[in-house]
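All remarks here apply to the structure that follows.
The values are calculated or read from the model by the stated rules, or taken from the named source; none is laboratory data. Computed from a predicted model, the values in this text were never measured in an experiment. Every residue, glycine as well, gets a Cβ built from its backbone with ideal geometry; the counts of neighbours run over all protein chains shown.
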Amino acid sequence: MVRGLAPVLLSVMLFLQSAQALQIGEKALDFSAPALLTPQPIQLADHSGQVVYLDFWASWCGPCRVSLPSLDALYHEFKTAGFSVLAVNVDADIRDAKRFLQTRPVNYPLIYDAEQRLPKLYGVKGMPTAYLIDRRGVIRHIHEGFRPGDEARLREMVRSLLAEQIQ
Amino acid sequence: MKSKNARGHSAGAFKALSAAALAIPGIVSQVQAAAPVAEAELDYKASAYREADIEGSKLAAGSASRYEIDTHQLRFISPLGRASDLAVDLSYETMSGASPWFIMPGTGGGKPVQVMSGASIEEERKDIQTSIGHYFSQKVSAKVLLGFSTENDYQAVNMGVEASIEIPARELTVTAGIGFSDDEIEPTDPGMPDRIDSATRTSTTAFVAIAQVLNNRTAVQGGLTLVNNDGYLSDPYKKVWREDLSNTVADKRPNERQQVIASARLRHYVPSLRGALHVDYRFFDDDWDVSSHTVDLAWYQNIGDNWQLTPSLRYYGQSQAYFYGPFFYSARDDGYASSDYRLSPYGALSFRLRLERNWGEFSANFEWESYRAAANLAPDDVSVENPGLVEFDILSLGLNFHL
Amino acid sequence: MKLLIPLLAVLLLPACATAPLDAWDRGYLARPEMAWDPDSLSASQRSHVYFSKEASSGGVSAGGGGCGCN
């Protein structure tokens with residue numbers, strides 16, 4: 001009964017949330033969405049207990065040419081310590097995303113959101129926008145754009161979030 | 001003798017630096033105003049400009065082979081710290097050939113004929129333009145421009161500032177700027193009768209432009225530019241035929257020229273065709289009575305994953321300057337006179353074709369342009385066509401590297 | 001200069017309200033071929049050539065100097 005209500009609740013929540021951008025200190029909203037390169041869907045809850053960098057990107061976004069390789073480096077550095085990057089691609093045409101990834105391949109999980117449900121859910125304002133989520137599932141930092149030097153700043157944030165204990 | 005015609009009445013010669021200035025609002029990408037470029041890029045372009053020989057029936061004396069210019073351009077853009085970026089444009093040109101000198105009345109009621117200068121030795125022109133952009137926030141940015149160009153008889157120093165403000169709620173970007181150019185002319189062969197030793201001119205430009213996103217595939221931009229030119233605006237290498245003297249006198253133009261330019265541009269993407277339409281219109285009006293319309297249409301067609309083919313068509317039509325004439329029977333009351341084909345009434349059609357191949361981090365393009373000017377393309381009826389009107393082709397090869 | 005007022009009106013025409021686009025809906029507008037000048041070297045070279053062959057010049061830019069052009 002409770003399980004059956006969940007999709008209804010989720011859609012109501014989606015509707016309510018669509019107008020409102022998520023803020024720092026709020027719980028990250030769970031979702032399940034198709035992966036970009038593999039058939040299995042990816043769910044945020046599968047990464048609970050981890051520090052997650054939830055990144056929204058597009059092949060046409062200039063700073064994303066810099067951010068994807070930087071995030072891949074962070075992912076390699078911290079994945080064994082409990083850090084993951086989940087990257088949601090919002091391209092209208094999946095072929096554009098795949099072409100982009102041929103020249104800039106990454107190893108972290110990639111999501112393709114054809115209906116662009118997730119950027120609406122999170123209230124994304126620009127490309128790229130990312131949500132740094134702590135081990136308890138709380139949004140601790142919202143990262144808009146990507147500039148030179150951001151990789152070093154993120155490394156410090158990820159390091160300190162990884163050091164926090166789940167109460 | 002040298003075959004150069006000094007000009008330089010406007011700060012519009014090099015638009016490269018503003019290529020990304022009037023960006024579409026709110027886009028976080030390389031075309032966005034409110035974010036510095038994300039990564040360094042290097043562009044190179046080599047161009048061969050060839051003017052067609054003047055027809056035998058239009059030539060009275062001098063060399064029939066007109067101008068040839070070979071150009072090498074290099075452009076480097078790079079992020080500079082967290083909130084700034086840099087652009088440097090270098091250009092090196094070598095020029096040679098003959099150009100129109102003066103026009104004589106046709107004999108026996110025939111059409112007027114052109115006297116050309118002798119073919120020049122090879123000359124060169126070097127130009128450097130730099131700009132630094134700073135992004136104060138996601139909505140406000142400013143740019144400082146500085147440039148210098150040198151030829152053996154011409155030096156120009158220019159500077160400018162531009163500022164951009166985005167209004168995301170209305171999908172608007174407003175950009176305004178002012179520019180200043182200080183030029184010095186030192187004609188070769190100053191010993192020739194009535195040729196000046198040296199002269200200066202300045203040009204001040206102010207513009208405002210508004211870019212508006214209409215929907216997810218259409219953007220438009222409107223612009224208004226005012227230019228004030230001051231100083232020696234005549235052409236030290238050109239002469240005018242006077243029937244009453246049976247001789248030539250120097251080209252003489254007013255020492256001031258004020259210009260108004262209104263422009264409108266449209267960009268529209270058609271997803272089903274994977275192509276983009278460009279429509280550019282410009283209206284120009286000045287106090288020399290020159291007024292012109294320019295329409296430029298281009299279609300960018302993506303083919304497969306890596307190719308792009310772009311045909312374009314440009315029309316240009318102008319009215320004449322009030323002191324222009326192919327030749328003069330007597331002196332004008334105001335003393336001004338010019339037979340420069342560029343101040344004559346005419347129109348021009350130009351066709352361009354561009355092919356680009358992309359290899360991810362590297363791309364190459366090939367471009368061809370064919371340009372033809374004629375009096376019968378002018379917006380108004382023209383009774384006497386200037387025999388010096390130009391016809392040329394440009395072939396170029398461009399390379400782009402993401403560093 | 002009496003032209004200025006109608007010109008300004010044309011300039012301000014596009015300033016009528018448009019609903020903001022979603023951040024993820026800018027893919028078409030961000031395509032390189034949708035830039036005002038997709039190939040800036042080509043644009044600068046062409047405007048230099050037209051500048052030296054035609055009586056008109058100028059646009060929405062504060063850059064560039066004159067030349068003793070052929």
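Annotations for the structure displayed:
- Some residue of segment B:132-149 being touching a strand residue (DSSP E or B) at 6+ places or on another chain (Cβ under 6 Å), at the interface with chain C (Cβ under 7 Å from one of its Cβ atoms) and surrounded by fewer than 18 Cβ atoms within 10 Å (Cβ to Cβ): no
- All positions within segment B:214-231 that are closer than 30 Å to residue B:193 by Cα and touching a residue at least 60 places away in the same chain (Cβ under 8 Å): B:229
- Residue within segment B:93-107 that is buried (at least 24 other Cβ atoms within 10 Å of the Cβ), touching a Pro at 6+ places or on another chain (Cβ under 8 Å), modelled with pLDDT of 85 or more and more than 14 Å from chain C (Cβ to nearest Cβ) present: yes
- Segment B:204-227: number of residues that are facing chain C (nearest Cβ under 7 Å) and in a strand (DSSP E or B): 15
- Here segment B:236-295 is the region considered, the condition is being of a type in the set (S, T, N, Q) and outside any strand (DSSP E or B), and the residue that is farthest from the other protein chains (Cβ to nearest Cβ) is B:246.
- Residue list for segment C:19-63, restricted to those being more than 7 Å from chain B (Cβ to nearest Cβ) and of a type in the set (Gly, Ala, Ser): C:19, C:23, C:27
- All conditions but one from (1) closer than 22 Å to residue B:235 by Cβ; (2) more than 19 Å from the chain's Cα centre (by Cα); (3) crowded, with 19+ Cβ neighbours inside 10 Å apply to residue B:37; the one that does not is (1).
- Count - residues of segment B:352-397 that are within 13 Å of another protein chain (Cβ to nearest Cβ), surrounded by fewer than 16 Cβ atoms within 10 Å (Cβ to Cβ) and in contact with a Leu (Cβ under 8 Å, 6 or more places away or on another chain): 6
- Any hit, segment B:346-357, residues being in contact with a Gly (Cβ under 6 Å, 6 or more places away or on another chain), modelled with pLDDT of 95 or more and polar (S, T, N, Q): no
- Condition met for residue A:87 (in contact with an Asp or Glu (Cβ under 6 Å, 6 or more places away or on another chain) and within 14 Å of another protein chain (Cβ to nearest Cβ)): yes
- Residue match in segment B:354-369 (condition: assigned to a strand (DSSP E or B), among the hydrophobic types (A, V, I, L, M, F, W, C), free of Cβ contacts under 8 Å to residues at least 60 places away in the same chain and in contact with a helix residue (DSSP H, G or I) (Cβ under 9 Å, 6 or more places away or on another chain)): no
- Screening residue B:201 against (1) under 17 Å from residue B:335 (Cβ atoms); (2) outside any loop (DSSP other than H, G, I, E, B) leaves a single unmet condition, (1).
- Qualifying residue in segment A:39-49 (condition: at pLDDT 90 or above and in contact with a His (Cβ under 9 Å, 6 or more places away or on another chain)): no
- Test: residue B:321 is assigned to a loop (DSSP other than H, G, I, E, B) and modelled with pLDDT of 95 or more: yes
- Applying the criterion of at least 3 residues that are polar (S, T, N, Q) and more than 20 Å from residue B:154 (Cβ to Cβ) to the strands (runs of 3 or more DSSP E) found wholly in segment B:79-143 leaves an empty list.
- Scan of segment A:123-142 for residues that are within 15 Å of residue C:22 (Cα to Cα), assigned to a loop (DSSP other than H, G, I, E, B) and touching a residue at least 24 places away in the same chain (Cβ under 8 Å), ordered by number: A:123, A:124, A:125, A:127, A:128
- Residue selected from segment B:153-164 under the condition in contact with a strand residue (DSSP E or B) (Cβ under 6 Å, 6 or more places away or on another chain) and farther than 30 Å from residue B:211 by Cβ, by the criterion nearest to the other protein chains (Cβ to nearest Cβ): B:154
- Residues in segment A:146-167 that are in contact with a helix residue (DSSP H, G or I) (Cβ under 9 Å, 6 or more places away or on another chain) and within 14 Å of another protein chain (Cβ to nearest Cβ): A:146, A:147, A:148, A:150, A:151, A:154.
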